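Heads up: the structure comes next, in structure tokens.
Rule-based calculations on the coordinates, nothing more; no lab input. All values reported here derive from a predicted model rather than from experimental measurement. Because the Cβ atoms are built from the backbone with ideal geometry, glycine has one as well, and the counts that use them run over all protein chains shown.
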Amino acid sequence: MARSRTPKFDASEVITNEIIRIIERGVLPWRKPWTAGGSSRPLRVGGEPYQGVNNFLLTMRTVMAGHSSPFWMTLPQANALDAKVRKGEKSSVVVYYGQSRKDAGDEHDRSDGDNHSEEARIFRFQKSYRVFNACQIEGLPDSFYPDPEPVPEHPPSEPIPHMQAFFDAIDITTVFTGTEAYYLPPVDKVYMPSITRFQDPRNFYGVWAHELAHATKAPHRLNRDFGFSKFGNTSYAREEIVAELASVFLGQTLGFTAHTLEMNAAYLHNWLRVLRSDKGAIFRHAADAQRACDYLIARSEVGRAGRSAEAA
């Protein structure tokens with residue numbers, strides 16, 4: 001009698017299905033304003049912030065579970081600190097990317113007798129591991145439970161100085177007009193409503209970040225192309241996911257959350273259609289979003305450095 005095999009654990013499928021279940025409830029938890037212990041990003045045991053898809057996943061899980069600590073660690077890392085995971089606590093799956101080198105073979109494998117130099121192929125791989133939030137662990141030092149910082153208050157419909165300075169320094173033209181927000185590729189310009197149309201100015205910067213993220217796809221910037229895009233098709237949906245996540249990542253740096261002018265069933269359907277058809281999509285698009293975020297940060301730094309030099 002043949003033994004039934006236990007299905008191989010597929011981290012991509014498990015994580016994608018987790019996100020699908022959440023979105024099907026009509027929720028985008030990463031849009032909820034939050035900090036945990038004064039940090040706007042999930043942190044590794046040594047204090048380094050997570051990036052890319054792991055940042056996104058642990059942000060979402062921190063919000064949903066209501067964790068007050070930003071720190072995450074593996075079971076062995078907790079044990080090394082003489083701490084223990086509380087009984088019954090569930091771990092969170094995160095992923096690790098690496099690459100390995102495989103040589104094309106040695107002389108004995110060749111039938112043509114040529115003594116060509118060996119070629120090597122690089123294989124990228126994904127591995128998963130499990131982590132726990134510090135709030136799920138007892139016996140950790142107090143430093144893993146930092147005090148929360150007060151949430152800053154901002155006057156309605158008025159610029160927030162450090163955010164405004166960041167966006168003003170980016171060398172992508174933004175035109176403030178009308179009531180809609182969009183990036184128009186033929187003229188390479190972002191169009192935005194005035195900040196006076198936003199009760200919460202943080203939402204203004206969240207929308208601006210979203211549209212600037214779209215602008216990074218231009219050929220002379222990051223050259224991101226998912227094929228012919230029109231409203232509602234899969235290429236359009238993939239680009240929307242990238243812009244959403246880039247706004248999440250940039251907002252963690254500056255102090256706002258992702259935001260769009262329209263939050264409706266069609267927007268959620270964009271996510272669901274891509275995730276249901278491609279279990280690897282969230283991982284690739286989170287990497288795209290991280291590149292977009294890093295690009296905008298770099299351009300802002302260059303712009304501000306140039307202005308400082310001119311002032312001097």
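Odds and ends about this structure:
- Per-selection Kirkwood Rh - segment 157-312 (Cα, Å, 1 d.p.): 16.0
- Filter on 32/127; 230/279; 217/279; 8/279; 8/90 - keep pairs with C-alpha separation over 27 Å: 32/127
- For the chain, calculated [θ]222 nm from helices alone, where every DSSP H run of n ≥ 4 adds -39500 (n - 2.57): -13000 deg cm²/dmol
- Over all other residues within a Cβ to Cβ distance under 12 Å of residue 251, the charged ones net out to +3, with Lys and Arg as +1 and Asp and Glu as -1.
- Projected label points at residue 80 and residue 188, each 7 Å from Cα along the beta carbon direction, are separated by 4.7 nanometres.
- By average C-beta atoms within 10 angstrom, highest first, the peptides 207-215, 10-18: 207-215, 10-18
- Each Lys or Arg adds one and each Asp or Glu subtracts one; over the other residues with Cβ under 11 Å from the Cβ of residue 269, this totals 0.
- Considering only 46, 251, 38, the Gaussian network model of the chain with Cα springs below 10 Å gives its largest mean-square fluctuation to 46.
- Between 40, 277, 235, the GNM of the chain built on Cα springs shorter than 10 angstrom shows 277 fluctuating the most.
- For the chain, the relative contact order works out to 19 percent when only alpha carbon pairs closer than 8 Å and six or more residues apart are counted.
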